[in-house]
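Novice: Please find one structure pasted underneath; my questions will follow.
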Amino acid sequence: MRLQRFLARAGVASRRGSENLMTAGRVRVNGEVVTELGSRVDPLTDEVRVDDIVVHYQDAPTTIMLHKPAGYVTTMSDPQGRHTVSELVPREQFPGLYPLGRLDTDTTGLLLFSTDGALGNGLLHPSHHVDKSYLALVEGTPTKAELDKLRAGIMLDDGMTAPASVEVLSGKDHSCACRAMQLTLPFSPGKLRLLKTPAGRKGEMSLCRISLHEGRNRQVKRMFGAIGHPVIALHRDTFGPLSLGALPQGSWRKLTDSELDQLNKLVSGC
Ligand code: URA
C-alpha cells in the first residue's frame, strides 16, 4: 500500500499531513529515508519510522463478501500458479484479508474474507452452527425418499452428516435459481429436460436448494453423490444472515455495520 495511506491509517497524520512528513524527510522505511510520494510499503513486513519512532499499523478489522466466479481457487497464493480468489479482493488496501472457509474452484457464490481472526474462527467453528444455503443443479430428479436421507443425515466417508434442509425447486423458484447461477437453460417448471447442459451432459436434471451448517470438504457434492444425483453446478447464495443479493459475479463489497453486528452476535452466542 502507499506509504502516505499507511501513515494515515496508522493515525500518524492526515493523508496530506503524512505527505508533508515524507517530503520533509522525516519518514524512514527499513532504515531508508523515503520522500517519494508514490512509494509503497508492505505493512506486514516493512518497518516504518517517523522521527525515529516505529509506527505500528493499526486498522479496524475489515470483512468483505465476494461473489466468487468459477475458475478461482480459494487460497491467497497458489504455488501452481492457478487463478486464485486473491486476485479478486482488495488485499493491498486491507492487508491480512483471508477467506473464511472455502468454495471449490468450480463453485460460485458468496465467499467471506476478513482481517478479523476472532470473527473468522467463530464463524467457522462447528459449534456456532452457521447455516449456509446452496443452489445445486444435479443429475436426474431426487425422489422424496432420497431427499429424506439428506434431511435425516447421511453416512459419508468422514462420518454422518448433520440434518440438512433440502428441496427440489419448481416454478418461480426455478427461474430465480437459474438467474442466480447464471444458467441460461431452456427448462420446464419442476424438471429440467435439457438437450445439452453447460457441462456438455445430456439428460434430465433438477435444481435443488440445500441448507446446512457444517462445512466439510466438498460436502454438498458428496451428499448428492451419495443419493445417486451428482452435482453439475453449485452456487452458494447465503451465509448465516448474509445474502449475495445483486452483487455482480467477480465483485466484492464491505459488509455493512448491521451485517457485522449480526455476525458478531452469532459468534458471541447472543
Ligand atoms: N460443498 C461442496 O461440495 N462444494 C463447495 O464448494 C461448497 C460446499
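We did not get these values from a lab; they are worked out from the coordinates using the rules stated. Computed from a predicted model, the values in this text were never measured in an experiment. Backbone-built Cβ (ideal geometry, glycine too); neighbour counts: all protein chains shown.
Novice: Does the range 3-55 come out rounded, prolate or oblate, given a ≥ b ≥ c as the square roots of the eigenvalues of its C-alpha gyration tensor, rounded meaning a/c under 1.5 and, failing that, prolate meaning a/b above b/c? Let's see the in-between values first.
Specialist: Values: a/c = 1.31, a/b = 1.14, b/c = 1.15.
Rounded, since a/c falls under 1.5.
Novice: With each run of n ≥ 4 DSSP H residues scored as -39500 (n - 2.57), what mean residue ellipticity at 222 nm is computed for the chain after dividing by its residue count and rounding to the nearest 500 deg cm²/dmol?
Specialist: On the way: 7 runs with 63 residues, N = 270.
Rounded to the nearest 500, it is -6500 deg cm²/dmol.
Novice: Residue by residue, what Karplus-based ³J(HN,Hα) values in Hz, rounded to whole numbers, does the range 32-43 have, using 6.51, -1.76 and 1.60 with θ = phi - 60° and x for Gly and Pro?
Specialist: Values, residue by residue: 9, 5, 10, 10, 6, 5, x, 4, 10, 9, 9, x Hz.
Novice: Where does the charge balance sit around residue 225 when Lys and Arg score +1, Asp and Glu -1, over other residues with C-beta under 10 Å from its C-beta?
Specialist: Its environment carries a net charge of +2.
Novice: Also, I was wondering about something else. Which whole-number percent gives the relative contact order of the chain, counting Cα pairs below 8 Å spaced six or more residues apart? Display every interim value, and only then the final one.
Specialist: On the way: 498 pairs, mean separation 55.1, N = 270.
The normalised contact order for the chain reaches 20 percent.
Novice: What do the square roots of 5 times the Cα gyration tensor eigenvalues come to for the chain, in whole Å, largest first, as semi-axes of the equivalent ellipsoid? Please report the intermediate quantities before stating the final value.
Specialist: Details: eigenvalues 409, 75, 47 Å².
The equivalent ellipsoid of the chain has semi-axes of 45, 19, 15 Å.
Novice: Using only the Cα atoms of the range 1-141, build the gyration tensor, take square roots of its eigenvalues as a ≥ b ≥ c, and label the shape rounded, prolate or oblate: rounded if a/c is under 1.5, else prolate if a/b is larger than b/c, else oblate. The partial results should precede the final answer.
Specialist: On the way: a/c = 3.36, a/b = 2.39, b/c = 1.41.
It comes out prolate by the Cα gyration axes.
Novice: Here's a follow-up. If one computes the Cα centroid of the range 211-261 and of the range 77-98, what distance in Å separates the two points?
Specialist: 20 Å
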